[in-house]
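Notes follow once the structure below has been shown.
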Amino acid sequence: MTKFIFVTGGVVSGIGKGISAASIGRLLKERGLSVFMQKFDPYLNVDPGTMSPFQHGEVFVTKDGAETDLDLGHYERFIDEELTKRASITTGKVYSKVIAKERRGDYNGATVQVIPHITNEIKNAVYKAAKESSADVVITEIGGTVGDIESLPFLEAIRQIHSENKKEDVLFVHTVLVPNIPGSDELKTKPTQHSFKELMSNGIKTDVIIIRSNGVVTEDLREKISLFCDVPVDAIVQSKNVDLIYEVPLVFHKQGLDDYILKELGLTNQPPSEKKWQKMVERFKDLDKEVTIGLVGKYVGLHDAYLSVYQALQDAGCENGAKLNLRWIDAEEVEEDINVLKGLDGIIVPGGFGSRGTEGMILTSKFARENNVAYFGICYGMQIALIDVARNKLGLKDANSTEIDPETNNPIIDLLENQKDIKNLGGTLRLGNYECSIEKDTLASKLYGEDKIFERHRHRYEFNNDFRGQIRSAGVEFSGINEDNDLVEIIELKDHPFFIACQFHPEFKSRPTKVHPLFDGFIKAALTK
Ligand code: GLN
């Protein structure tokens, strides 16, 4: 029997609802429960795959190839589970399904309406996640803020789930901001009271309130919220500002949140907390070195665009006793002045799309190659490194990706055959897990310690196999290959201390409690510089 927790947000967005949801997931895992998490995004896009990183931040990819909200990255890192497409539902997806059913004639002549047809589809998404994952608890975060027009059908659906299940099987958690009025230094509960009412007007009475506030939440304040919002004082916890987001589960645990939730869900026989997470957080407090990494990309103004890469680097740093000092370097700045790359212990060129900044990235690869600086290329970062080698070691001056220059005579990187007549941009990249075989006696095999791996992809272009012989002659080793389609997955340089790049996105599989081997190897190499 699966239990359901629904996390809603009130007052304003951007107060860490995703982290709160993920933290609850972590706490329950630490108490011996299996957890599945999902996010409902009320926007009309089918998925964020076609949105600009400036709009949306990173697009996270699940193993089965769903392009999702970056909160899923938090979920996976916190609960250490690989989620699936069931974890990401949008209004666009729900409506597309209902309209397709209507066109097929599945509704037997009924008038198709928001209630019950849209809400049924939303409820199905929750129940299917429970069935497929067979998790003890499914945690569902509702994106947006209570009161938004777009979230109404989602709220109605979870209200129905509450009424059609036993009381102890469904729990509502509401996250709010309690603002501090500058000058008087007073914390104000009124927005919380209004948000509570708004939720009530949708038929939902919250069981737990999580307060985000940078002030001191006193017992009096809790009692006031308890009185106005009809929840026990024990069910009100503060999410205070922390230096490290991984501290949030511990902050909640200290206030007894896991015990409270377990009691409400009737799960009273769970073992005490495992403390695995706590040990990891303690390691972060005890770092005696620093590692300076340059991240060269085109969206560096918005750090969220590289969220999983950032987390993986930070976690790999911690694993090696080093605090991450990340320098965000705009690839276009490298074009103007290569000296911005000086003084780095390691350089990472992560994923990206389009041509802006690519010349700077190619110069970055050349710089790392020629100066023996540890280089780690991810997706575009691999394609870029191969263009650099073709241009600067083989003398193919116009070598390029056809994404950047469709007319090049040396298309080192080109569209896959099956991508050539694709019309729709949404959902048509090479997505999700593909197998990769690792060559023996390579850096990749040393790092992975395995000969077959699965990694997640998100790209449309590939290394052009016509150039394999030439590129190999320039000192590049093709150390990872997808044998089914004969595609290059990992490359490395033989005569360099650490130069490795992959076509896939290893950042999506890295965990604070289990750092990805490529990130670990990269940080180790940077530290031994
Ligand atoms: N733009 C490149 C491609 O589509 C790389 C994509 C990426 O870095 N995620 O193949």
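The values are calculated or read from the model by the stated rules, or taken from the named source; none is laboratory data. Remember, it's a predicted structure, so these values are computed and weren't measured experimentally. When we count neighbours, we look across all protein chains shown, and the Cβ atoms used for this are built from the backbone with ideal geometry, even at glycine. Ligands, DNA and RNA are excluded from the accessible area calculation, which covers all protein heavy atoms including side chains. Shrake-Rupley method; radii C 1.70, N 1.55, O 1.52, S 1.80 Å.
Structural descriptor for the chain: relative contact order 15 percent, calculated from alpha carbon pairs under 8 angstrom and at least 6 residues apart.
The peptide list 272-284, 127-139, 7-19, put in order of mean Cβ contacts within 10 Å with the highest first, becomes 7-19, 127-139, 272-284.
Summing charges over neighbours of Met361, with a neighbour being any other residue whose Cβ is under 12 Å away from its Cβ, gives -3 when K and R count +1 and D and E count -1. The distance separating the Cα centre of segment 39-62 from that of segment 331-386 comes to 26 Å.
Only protein atoms count toward the accessible area here, which uses a 1.4 Å probe; on the chain, the carbon and sulfur part of that area reaches 48 percent. Peptides 400-406, 377-383, ordered by how many other C-beta atoms sit within 10 Å of their residues on average, highest first, read 377-383, 400-406. Taking the Cα atoms only, what angle lies between the long axis of helix 152-164 and the longest principal axis of the chain, rounded to 10 degrees? It works out to around 60 degrees. Taking H placed 1.01 Å from N in the peptide plane, check which residues at least 5 places from Phe499 or on another chain put their amide H under 5 Å from its amide H. For Phe499, the qualifying residues are Tyr375, Leu493.
Arrange the peptides 306-315, 347-356 so that the one whose residues have, on average, the most other Cβ atoms within 10 Å appears first.
Packing order, densest peptide first, comes out as 306-315, 347-356.
Might you report the magnitude of the Cβ-based charge dipole of segment 154-240 about its Cα centre, with Lys and Arg at +1 and Asp and Glu at -1, to the nearest 20 debye?
Rounded to the nearest 20 debye, it is 180 debye.
Sparsely packed loop sites in segment 359-434 (the trypsin sites (Lys or Arg not before Pro) outside DSSP H, G, I, E and B with at most 14 other Cβ atoms within 10 Å) comprise Lys397, Lys420, Lys423. Annotation: per residue accessible area for segment 1-141 equals 36 Å², rounded to a whole number [probe 1.4 Å, protein chains only]. Around the amide H of Lys3, modelled in the peptide plane, lie the amide H atoms of Val137, Val138, all under 5 Å away and 5 or more residues distant in sequence or on another chain. Take segment 409-529 with all the other protein chains still there, run a 1.4 Å probe, and you get 44 Å² of accessible area per residue. Gly57 sits among other residues whose Cβ lies under 10 Å from its own Cβ, and their net charge, with Lys and Arg +1 and Asp and Glu -1, is -4.
Calculated mean residue ellipticity at 222 nm for the chain: -10500 deg cm²/dmol, from DSSP H runs with n ≥ 4 weighted as -39500 (n - 2.57), summed, divided by the residue count and rounded to 500. Each part gets one Cα centre, and for segment 274-329 versus segment 458-529 those centres are 20 Å apart. Amide H contacts under 5 Å for Met37: Ile139, restricted to partners 5 or more places along the chain or on a different chain, H placed in the peptide plane at 1.01 Å from N. Note on Thr145: accessible area approximately 20 square angstrom, rounded to 10, probe 1.4 Å, nucleic acids and ligands left out. Dividing the radius of gyration of the alpha carbons in the chain by their Kirkwood radius gives 1.00 for Rg/Rh. Working from Cα pairs under 8 Å separated by at least six residues, relative contact order for segment 69-144 is 27 percent. The residues of segment 186-339 expose on average 48 square angstrom of accessible surface per residue, using a 1.4 Å probe on protein heavy atoms.
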